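Following: one structure in structure tokens, then a few remarks.
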Amino acid sequence: MDAGGQSRPFHWTLKREGIIAPDERLPWGQTMAVGLQHIFAMFGATVLGPILMGFDPNTAILFSGIGTLIFFVIVSGRVPSYLGSSFAFIAVVNAASGFGSGGTPNIGVALGGIIAAGALYALVGLVVMAVGYRWIERLMPPVVTGAVVAVIGLNLAPVAISDLAGKDAATTSFNQVVGLLTILSVAAVAVYAPGILRRLPILLGGVIGYVVYLVLANGLGMGLAIDFTKLGDAAWIGMPNFTAPSFSINAITLIAPVALVLVAENLGHVKAVGAMTGRNLDPYLGRAFLGDGIATMVAGFGGGTGVTTYAENIGVMAVTKIYSTLIFVIAAIVAIALGFSPKFGALIGTIPWAVLGGLAIVLFGLIAATGARIWGENKVDFSSSRNLITVAAALTMGAGNFTVKIGDFEMGGIGTATLTAIILYQVLSARGGGAEAPEPAAE
């Protein structure tokens, strides 16, 4: 018997209407349709992440599917989640690989760091499985978790602005206009779109921005036209572009601390899913960390990005009230199939930087705003000097990308801000009288 009161980990009871629990399923036709819907939900962010890091989107999509299946097996099919590209890696991966500095990115070195982060993350999962999860909640109460999440968005803000300008100074103004139109499209879909379409603002907003750019650039001669040559030449079916990792102490020390961010992120997601499903999923926290960590390591060994549980898919579950873990198996299988289509990868490669920049501004801003949401939902008291100083120091270090270098050791702004928030809060708590609210909120 497990935490959800079930004894058969891979059995789903057929249910045709109402709320669908994790161990239940809809008829097969509906299950397939809902699984495809989750592909659309994760698609925009999972594709945007690798593009912003210089990775192959096809490979990232493939490993997001493989990672989701790994996660499913390790949690015994009890935690409904999809694993997609983690944005927490972007800043440190770009720093380690040199992407964006004008040269060819050293993807292999970045992959070595991603593997190290996954190993550290998995180790945390094993510790939680052995001794329990309460120490994680004491180490990362809502004030710390919110600060860490907000730091990710703020630290990535310069990346979004740079992408919005594009790679050609002559077309910067045009790119900025298209980027702003993309942002407005995302907002319009999120607020005015009917039904479930409202849950897909990044995907649909990106499509609208793409069409606008295509009409203006390819149709009216404004800006750089989209080149479809590679799309036409690409095969429908073929092998993804796998990349082998290489290990550098500099990259490892820079990227590995992201594991702490992933712990905070996944903790909030599991709490959210537990609250929505009415199931106590706390006993599965260790397994969730372990599954996510192993999935990140597997992705790193083949050329994929680090992965994390996705708030986008949690949002879809909140709207549909369909929590069946079977739908994520379906979504994962479809993602793996997409990874073996070079045509799909070539299509992704035609997305203009103006559109990507507009999407990045919204996504990174939403990440930062989610930190504030965590504070609000947990009623974090900012009249307390302990909380105020902890958050103030972390946000400034993260937004300013405060980097520590000691010999071969290097830690970027997200890592230093995370450690600062954790350590500073504990030090001030020792003086001020203990930790506060026990549970971090969902993203």
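Placing unit charges on the Cβ atoms of the charged side chains and taking the dipole of the chain about its Cα centre, the candidate lying farthest along the positive direction among Asn401, Val124, Gly54 is Val124. The packing ranking, built from the mean of other Cβ atoms within 10 Å per residue, places the peptides 274-284, 251-261, 325-335 in the order 251-261, 325-335, 274-284, highest first. If you look at the Cα atoms of the range 28-180, you get an Rg and a Dmax of 18.4, 58 Å.
Ligands, DNA and RNA are left out, and with a 1.4 angstrom probe the accessible area of the chain is 39 Å² per residue. Length gained on full extension, Asp227 to Trp135: 27.8 nm, using 0.36 nm per residue less the C-alpha separation. Highest average first, the peptides 79-90, 336-347 ordered by how many other beta carbon atoms sit within 10 Å of their residues are 79-90, 336-347. With only Cα atoms counted, the range 284-443 has Rg and Dmax values of 19.7, 59 Å.
Among the protein heavy atoms of the range 293-344, carbon and sulfur supply 82% of the accessible surface, probe 1.4 Å, non-protein parts ignored.
Please report, as a whole percent, how much of the solvent-accessible surface of the range 14-130 comes from carbon and sulfur atoms (probe radius 1.4 Å). Answer for the range 14-130: carbon and sulfur cover 66 percent of the accessible area. For the pair Asn250 and Ala33, a Förster radius of 30 Å applied to the C-beta separation gives a FRET efficiency near 0.05, rounded to the nearest 0.05. In this rough spin-label picture, where each label sits 7 Å from Cα along the Cβ direction, the Phe242-Ala337 distance is 2.2 nm. Each residue of the range 224-232 was assigned a 3J(HN,Hα) from its phi angle through the Karplus curve 6.51 cos²θ - 1.76 cosθ + 1.60 (θ = phi - 60°); the sequence is 8, 5, 6, 9, 9, 4, 5, 5, x Hz, with glycine and proline shown as x.
Note on Glu17 and Ala275: with the Förster distance fixed at 25 Å, the Cβ-Cβ geometry gives a FRET efficiency of about 0.65.
Fraction of C-alpha pairs exceeding 15 angstrom in the range 13-67: 58 percent, rounded to a whole number.
Note: the range 66-149, Cα convex hull, 126 Å³ per residue.
Relative contact order for the chain: 33 percent, from Cα pairs under 8 Å spaced at least 6 residues apart, divided by residue count. Only Lys, Arg, Asp and Glu carry charge here, each on its Cβ (+1 for the first two, -1 for the last two); on that basis the range 200-315 has a dipole of about 180 debye about its Cα centre. Extension gain, Ala234 to Arg198: 0.36 nm times the residue separation minus the Cα-Cα distance gives 9.7 nm.
The values are calculated or read from the model by the stated rules, or taken from the named source; none is laboratory data. Bear in mind the structure is a predicted one, so any value in this text is a computation, not a measurement. Note: ideal-geometry Cβ built from the backbone for every residue, glycine included; neighbour counts use all protein chains shown. Side chains included, ligands, DNA and RNA excluded: accessible areas come from the protein's heavy atoms. Shrake-Rupley method; radii C 1.70, N 1.55, O 1.52, S 1.80 Å.
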